[in-house]
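The values are calculated or read from the model by the stated rules, or taken from the named source; none is laboratory data. Note that the coordinates shown come from a computational prediction; the quantities given were computed from them, not determined experimentally. Neighbour counts run over all protein chains shown; Cβ positions are idealised from the backbone, glycine included.
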Amino acid sequence: MSTDETTAGHIQELRRGTVVLACLVRLRQPDYGYALLESLNALGILVDANTLYPLLRRLEKQGLLESEWNTEEARPRKFYRTSPTGDSLAAALTADWHRIDDALARLTGDER
């Protein structure tokens with residue numbers, strides 16, 4: 001495995017958890033998959049559709065997201081929103097994210 005492949009693998013691992021947190025926070029306002037994908041990418045949270053859609057289904061199965069179909073437009077869309085359980089998890093993950101970020105800042109001498 002080359003250094004570039006190693007780096008890419010570690011970056012992918014780091015992003016995996018951040019995408020879950022980003023979805024839970026972003027979907028406090030209901031939205032459908034493609035709009036979520038676009039908004040996350042616009043914010044610099046890079047995720048592709050082949051990753052996002054299975055993640056949304058998994059989070060829904062875990063009770064962290066709720067969904068409903070909107071059939072009022074020409075093309076039906078499944079809208080997702082963060083459940084109360086998902087909101088609690090997002091709060092816990094965000095608190096831990098800040099703790100880790102602070103620790104890494106101290107570790108690297110980049111205290112804020």
Exercise. Restricting the first residue to the stretch 87-112 and requiring it to be farther than 23 Å from residue 25 by Cα, which pairs with a second residue that is exposed (fewer than 12 other Cβ atoms within 10 Å of the Cβ) and not small (Gly, Ala, Ser) meet a Cβ separation below 7 Å and a spacing of at least six or different chains?
Worked result: 105/111; 105/112
Problem set entry | Failed condition for residue 63, given (1) loosely packed, with under 15 Cβ neighbours inside 10 Å; (2) under 14 Å from residue 89 (Cβ atoms); (3) in contact with a strand residue (DSSP E or B) (Cβ under 8 Å, 6 or more places away or on another chain) | (3)
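Can you find, within the stretch 75-95, the residue that is farthest from residue 64 (Cα to Cα) among those that are polar (S, T, N, Q) and surrounded by fewer than 16 Cβ atoms within 10 Å (Cβ to Cβ)?
Of the stretch 75-95, the ones polar (S, T, N, Q) are 82-83, 85, 88, 94.
Now narrow it down to the ones that are surrounded by fewer than 16 Cβ atoms within 10 Å (Cβ to Cβ): 85, 88, 94.
Numbers: 85: 6, 88: 9, 94: 15 Å.
Applying the filter and picking the extreme gives 94.
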Problem set entry | Residue count for the stretch 65-76, restricted to those that are under 18 Å from residue 37 (Cβ atoms) and in contact (Cβ under 8 Å) with a residue 12 or more places away in the chain | 3
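Being at pLDDT below 95 and surrounded by 17 or more Cβ atoms within 10 Å (Cβ to Cβ) narrows it down to one of 20, 47, so name that one.
Working: 20 fails: at pLDDT below 95.
The conditions single out 47.
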